[in-house]
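Each remark here refers to the structure printed beneath this line.
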Amino acid sequence: MITEWNEFLSIAQDSNDFKHYPLLNEESPFVISYYQTLIKTELLQKNLLRPLQERMEANESITDLRHFSRFLHVEDIIYTDDIQTVVSKIMTGYAAIQSKDNLQFFALINLANPTEGLRTDNDTENEFSVVGPKVGFVENIDINLHLIRQQISTPKLIIRELTLGTLSHTRIAVVYLSGITNPQHIETVEQRLQTIDFDIIFDSSQLDQIMSDNSNTPFPLFLSTERIDRVIYALTLGQIVIISDASPYVITGPTTIFDFFISPEDYYLPWILSSLFRLIRIFGVLFSILMTPAYTAVLTFHLEMIPQDMLAPIILSRKYVPFPPVLEVLFLELTIEFLREAGARLPTKVGQTLGIVGGIVIGQASVEAALTSNILLIIVALSALASFTTPIYKMSNTIRFLRFPLIILSGIWGGLGIAIGLMFMLTHLLQLKSLGTPYLAPLYPFRRRSFADSFIRSSYSRTARRSAIMRVISQWRYDPDKATQKRDIDE
Amino acid sequence: MVAKRKWILVLLIWIMTGCSSTRIVSEVQLIHSLGLDLEDQKIEGAAITHVYGKETTQIELLETKSSNLFTILPDFNTITPSQVELGQLRSVIVGRKYAENGVEALVHTLCRDPSIGFRLQLAVAETKALTILKGIRHMQIPFFISDSVAQNIKTLNLPKTNLHIFLFNLYGEGRDPYLPYFVMHNDRVKLDGLALFRDDKFVHRINSKESFLLKIMVEKAKSGQIPFEVTIKNRKETGMLKNLHSHAVFDVNMNESVPSIRVKLMINGQISDYSEWLQLSNPQVLRQMEKELSSYLQKEVTIFIKHLQKLEVDPVGFGDLVRSRSTSWDYSHFKKMYPHIKIAVTASIKLEQTGE
Amino acid sequence: MSTSIRESAMVSPFFVFFLVHANIVGIGILGFQRTIVSHAGYDAWISLLLAGASIHLIIWMLYFMLNAGSQDLFSLHELCFGKWLGKLMSFVVLIYVWMAAFLILRSYVSIVKQFIFPLMHTWSTTLIILLLILYIVAGGFRTVTGVCFLGVVIPAILMLPLFLFPFEYAHPNNLFPMFSHNLTALIASAKDAVINYMGFELVLFYYPFIKRAAHSQKWAHAGVLISTLLYVAVAIVTFLMFSHGELDKIIWPTLTMLKIVEIPILQRLEFIVISLWLFVILPNICLNLWGVTRGMKQLLGISQIRSLLLLLISLAMGSYLLEGTTPLLMALDFYGKVSLVFIYGYIPLLFVLFLLWGKKRSTARHQTPGPETENAR
């Protein structure tokens, strides 16, 4: 028993922030141990040291640990002799007090400081929408859970907590709506989470990758978001939400590829507009992936396809470019990627400036120097822009990536190369599953009814039914008949 | 991911070995217009091509001579720094002599070449194709022939034509092809009428007026104009009849041994230039004008068809019409019969208000 | 049944439509017009309808045999011929199916070479397509079905509108005089057309992979029907656009027809169509190869992935050996004859044999219902 404690002490005292000393003065019968970095010093002063001092000055002699609860105004005092508990509590911000007479017995006082160093400001930072709530998640799991519970006030909202990470002991919460979400999915998630053996879980995105159905894919199989409305929506549709402590991003699943092109704003705008915007986003992806490969293919192999009026501009702008189109495209795409990476790594203000300066200067200069054609410059810039239309950052990274193999293929086999690349991609998508749900649904397997909220967003009267893809237990979200009352003209 | 890495290796090998079929658009010599002439049993080839400079682009003319049609293209390669490509070929023009000798070999080659589109324009040049191409170089307009043909189809008297239509008429039984005809006119290239073919050989050239008559018979025309001369209120009146949309119906009577055909032409038109005394706003005058014009057109078309029959060319496709109505069809028999079949024409013109 | 099939590997009956349709339409639709007009002239579209109708009959026969408990080709053969002869016959059919895959691949590569890369060696194109096939077939039946689905949907959206362009040059007179050919000529043309319908017979392989398979018959018929209509539509558009004499000069009428298409930002769309045609031929090759791998597993017990690699190597070798157009045309001709025998000789023979004694045996076998019958309810 006592050896265990000593072992702990010997390890812990190597660390500078571990404190272990007699309370108040050398003569004191009590010894206190805590991690300075985990507690709130104010609390230590106010709740422990000051009352103790007062007693000492009043010449009250305190000899028994159990007396502490009499004068300390702390609700959370635990008495124990279990070293395991003591150690784990110290690790979460408790102070342990022992009496010198009986080193086996501890009083644990909660001095934890959970909000220290956290943001007070929880605006969404990376997923903007003009309309709709701007509240985002923060790095604290309790606040995040609180935010969710605030929105869904029903006992059906189930939160299951577990701890993961052999070193980090991160709190993970699995949130779902019982009676809606398919229990099989819940089981899969919990099972996968429990079998995780990983040292540090720092962000939910790691969970995403660890518990993913296929780790060899560029596509994100879970949607990670910092927006509350998106998470609430996912929950009501029968998805499972996984929250990890210390991560402002929450992951939801199972997902289909179309989920990544949904912006919460779609639900706040009239459905006709949102449907159009969604189609534009999907078109943006296609444009972004296919435009530069198409340029390469046409200019390298299929010169017949260039219309008469475009011929002179294309040839003129490319006449003195020394590389074949494939290298020209790769060069310019790489430039854009450099700019993007640099812009993301640099502080905001510098990043912005760099983006503009780099974009204009490098682009202009490389055209002047006949390293690229200006038509390509426009195409590359447009396709970079189009890739930003994807609301989920992870997906837009994927789209960035997908372009490169296609460019190379199109440089070798022209249009056929693009077709081959696309087919590889589509086959990969066909094989992907998120929590056992086909990734390409509702396209394959074909679910006509689920099209209502996929690449278009139909009116609310048509989205009353939950998507069959999620294999939910109860299908109806609300009564669609109440949403639409059929009326004749002039009634 | 190991598999992926292997792939990248394989891909790299391919990049190094496989790029043999590249035809980078800015590094090849694109031919926009090809001209062929027959001179002393040899084929003279000429080609219009672009030369792109830093500031200006220039049109250049390549010329070669060869005994064989199929060696013309390789011959061009010997006089250009970069590889010659036909992918942007928009027109092929042949000299009159070449056309008289038959163009089947040429169009068959064009039809089989995957890099050549079916919208390619074929044309016949007055005396030599080379002179026309020289005129084009002088004007510095690379796509002159194809553009001018397209423009004339859209606004004037040229019936719709391109490689496909030529092939359709050439290989289709009971039809003869026709092509636009180009002449030189004061240093400028001018589209002037149509060249009529019997099978694949040039036989006759018709003028712009006759080309209008052909146009309204072979298609639902939406353009074209024809000068007219009618007698109305005992006064001679000349002017221009503008076609807005026309429509031709053919009736074939197969009951006799020699079939007879009735051509009904319906034209919605407009007359633009006419003398002031002619009060077209008066419905009666308008009716009379329509009647006069109809009989004028009827007469013109009848003469034109007679002429075609005499020439034994069938650009309208009367033969095809007969074929589609007959259970037993013998093209050679029809060819013999063609000059003798009775073709009656009726025209009805409706004038639309000119809006003065 | 030697192996039981996971529920998750099965597809719903609806997809039989795509499996049938995607496998009928393939390389043939690019150039079938020229062969079918040789006897029936421009009445050949009637021959297409006749051929389609006969395929419906064959599909009915196949489904009759499969529904009556024979499950797939291998058990059907076993029921009709006994164990050893049945295995032998299955093996012959596998070679036939492999040959179809090979010829489709080879024809596609030769079209690509002819139209896009006249100077390129075919082996590099062949190899990359084989890699793609490996990736697809290794994904299992569901992936192959998915490729069939995409191979119908994507080309339909992108390419069908293109066939409206030739109407600008349509000559309705070309189709007249209609019905001027006698039945013999029509049937002769139908005989030439049948090779274009090949691919539906693979239902003999994938039948056990269909949920509620007996219900999928209507989808199979729908697949044949739509394919027939598609062929007829393409044939009629071609006939309207080309005169008979012109058609004789053209090797790939469907592709040549697209030479006339021109849209403002792009002209000469046939190059895109040839590239995207990969989506149309992949289902053919993949399903055929999948069928062969499954057969090898049933007959010889070779694991599917291993036999797949073997097959791909054989395809690569085959393409390397069969260089040039003339041997390809000869092989296609041979395949056409074999498929005629297969459809109109072999399947009816099987049907008769099955009616004679196979059916009794199969009902006898199903006296003790296994888990398999439970699944196929």
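General remarks:
- Any chance A:R449 is among the charged types (D, E, K, R), in a helix (DSSP H, G or I) and under 30 Å from C:F115 (Cβ atoms): no
- Of all residues in segment C:237-259, those that are of a type in the set (S, T, N, Q) and facing another protein chain (nearest Cβ under 7 Å) total 1.
Matching residues to (1) assigned to a helix (DSSP H, G or I); (2) more than 14 Å from chain C (Cβ to nearest Cβ); (3) touching a strand residue (DSSP E or B) at 6+ places or on another chain (Cβ under 6 Å); (4) touching a residue at least 12 places away in the same chain (Cβ under 8 Å):
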| position | (1), (2), (3), (4) |
| --- | --- |
| A:P405 | yes, no, no, yes |
| A:A419 | yes, no, no, no |
| A:L422 | yes, no, no, yes |
| A:L430 | yes, no, no, yes |
| A:P442 | no, no, no, yes |
| A:R462 | no, yes, no, yes |
| A:Y478 | no, yes, no, yes |
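- Here C:R212 meets the list (1) more than 8 Å from every other protein chain (Cβ to nearest Cβ); (2) farther than 26 Å from C:H171 by Cβ; (3) buried (at least 21 other Cβ atoms within 10 Å of the Cβ) almost entirely, failing just condition (3).
- In segment B:117-151, the residues that are out of contact with any helix residue (DSSP H, G or I) (no Cβ under 9 Å at 6 or more places or on another chain) and closer than 30 Å to C:L255 by Cα: B:S148, B:V149, B:A150, B:Q151
- Test: residue in segment C:151-159 that is modelled with pLDDT under 85, within 14 Å of chain A (Cβ to nearest Cβ) and farther than 26 Å from C:H221 by Cα: no
- So C:L309, is it modelled with pLDDT of 90 or more and in contact with a helix residue (DSSP H, G or I) (Cβ under 8 Å, 6 or more places away or on another chain): yes
- Test: residue in segment B:168-176 that is within 14 Å of the chain's Cα centre (by Cα), away from chain C (no Cβ under 14 Å) and aliphatic (A, V, I, L, M): no
- Identity of the residue in segment B:45-72, hydroxyl-bearing (S, T, Y) and within 14 Å of another protein chain (Cβ to nearest Cβ), that ends up surrounded by the most Cβ atoms within 10 Å (Cβ to Cβ): B:T49
- Those helices (runs of 4 or more DSSP H) of segment B:118-172 in which at least 3 residues are within 26 Å of C:E246 (Cβ to Cβ), considering only elements entirely within it, cover B:144-155, B:163-171.
- One residue stands out among those in segment C:37-77 that are assigned to a helix (DSSP H, G or I) and on the phi > 0 side of the Ramachandran plot: the one that is modelled with the highest pLDDT, which is C:G41.
- Residue within segment A:373-385 that is touching a helix residue (DSSP H, G or I) at 6+ places or on another chain (Cβ under 9 Å), of a type in the set (S, T, Y) and away from chain B (no Cβ under 14 Å) present: yes
- Residues of segment A:6-28 classified as surrounded by 12 or more Cβ atoms within 10 Å (Cβ to Cβ) and either charged (D, E, K, R) or touching a strand residue (DSSP E or B) at 6+ places or on another chain (Cβ under 6 Å) (or both), total: 8
- Pairs where the first residue, in segment B:123-147, is within 14 Å of another protein chain (Cβ to nearest Cβ) and the second is in a helix (DSSP H, G or I), C-beta under 7 Å, 6+ apart: B:F143/A:Q308; B:F144/B:I136
- Flag for C:L266 being of a type outside the set (D, E), more than 8 Å from every other protein chain (Cβ to nearest Cβ) and surrounded by fewer than 23 Cβ atoms within 10 Å (Cβ to Cβ): no
- Segment A:152-185, residues that are in contact with a helix residue (DSSP H, G or I) (Cβ under 7 Å, 6 or more places away or on another chain) and over 27 Å from A:K433 (Cα atoms): A:I152
- Among the residues of segment A:303-315, those identified as closer than 22 Å to C:Q114 by Cα and at the interface with chain B (Cβ under 8 Å from one of its Cβ atoms) are A:L303, A:E304, A:I306.
- Sub-9 Å Cβ pairs linking a first residue in segment C:116-139 that is within 17 Å of C:I274 (Cα to Cα) and more than 9 Å from chain B (Cβ to nearest Cβ) to a second residue that is surrounded by fewer than 17 Cβ atoms within 10 Å (Cβ to Cβ) and of a type in the set (F, W, Y), at least 6 apart or interchain, are C:T122/C:Y320; C:T126/C:Y320, ordered by first then second residue.
- All helices (runs of 4 or more DSSP H) inside segment C:193-248 with 1 or more residues being closer than 29 Å to C:G295 by Cα: C:203-206, C:217-241
- Residues located in segment A:27-62, provided they are farther than 21 Å from A:F105 by Cβ, assigned to a loop (DSSP other than H, G, I, E, B) and charged (D, E, K, R): A:K40
The values are calculated or read from the model by the stated rules, or taken from the named source; none is laboratory data. Treat the numbers as computed from the prediction; the structure is a model and nothing was measured. Every residue, glycine as well, gets a Cβ built from its backbone with ideal geometry; the counts of neighbours run over all protein chains shown.
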